[in-house]
Amino acid sequence: MKEKVYSIDNYWDMTVIEGMADFKDNPCYFVNIFSENQNDWTDEYLLTLLPEDILILGKEVWKYWLYWLATSKETKIPHPHDYADQRKNKSFENLLSVDQNPEEYIKAEHNYQNQIVFNDYLQSNSPTMKAKGLFSGKIDGTETFVEWLDEVPLL
């Protein structure tokens, strides 16, 4: 059964590395397993179930990413990773005081805070399943689907 993919957060050479998708109609975060023996990505993924509130945050982070891609040249807001690096050294108020575009920095800060909560959830919750994933559709996470096969519960 093809399931909905909410985001493709990382990919390499057309291999989906990580993102959010349904697994048996339950939202999860998936991460590709890298094979040291083959020195390549596999078609197997570790799946971490996501509660509704964390899924909503993940969708907001994804929505901001698409917004940033579409507007970054005109808004001049740093890449989300660069913004996070800046926030490690400066307060939001400090960043806001030196910028000419406070509305965009407020959006960037909101995304930054969402990403912190999302990442904290993933770090504190282990994957519960391993499965092979066959992805179809667009690699950008829009109109993308996955078929999960050979799932194995993790202890």
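Points to keep in mind about this one:
- Checking every residue in segment 74-81 against the condition of being of a type in the set (D, E, K, R) and in contact (Cβ under 8 Å) with a residue 24 or more places away in the chain gives at least one match.
- Considered as a group, the residues in segment 39-80 that are more than 14 Å from the chain's Cα centre (by Cα) and among the charged types (D, E, K, R) include one that is nearest to Phe135 (Cα to Cα), and that residue is Asp43.
- Checklist (1) within 13 Å of the chain's Cα centre (by Cα); (2) assigned to a strand (DSSP E or B) applied to Ile33, failing item: (1)
- Residue check, Val61 under 21 Å from Glu147 (Cβ atoms) and β-branched (Val, Ile, Thr): no
- Test: residue in segment 138-154 that is on the phi > 0 side of the Ramachandran plot and either without any contact (Cβ under 8 Å) to a residue 12 or more places away in the chain or β-branched (Val, Ile, Thr) (or both): yes
- Between Glu74, Glu60, Glu143, the distinction of being acidic (Asp, Glu) and in contact with a Gly (Cβ under 9 Å, 6 or more places away or on another chain) belongs to Glu143 only.
- Taking (1) of a type outside the set (Ser, Thr, Tyr); (2) free of Cβ contacts under 8 Å to residues at least 24 places away in the same chain; (3) within 21 Å of Ser72 (Cβ to Cβ) in turn, Arg87 satisfies each apart from (2).
- Out of Glu103, Glu143, one residue alone is over 22 Å from the mean Cα position of the chain (by Cα), under 22 Å from Leu69 (Cβ atoms) and not polar (S, T, N, Q). It is Glu103.
- You will find that of Asp13, Asp22, the residue that is in contact with a strand residue (DSSP E or B) (Cβ under 6 Å, 6 or more places away or on another chain) and acidic (Asp, Glu) is Asp22 and no other.
- Residue within segment 8-30 that is surrounded by fewer than 19 Cβ atoms within 10 Å (Cβ to Cβ) and among the small types (Gly, Ala, Ser) present: no
Every number here is computed from the coordinates shown, using simple stated rules; none is lab data. Not measured: the values here are computed from a predicted model. Neighbour counts are summed over all protein chains in view; Cβ atoms, including those assigned to glycine, are modelled from backbone coordinates with ideal geometry.
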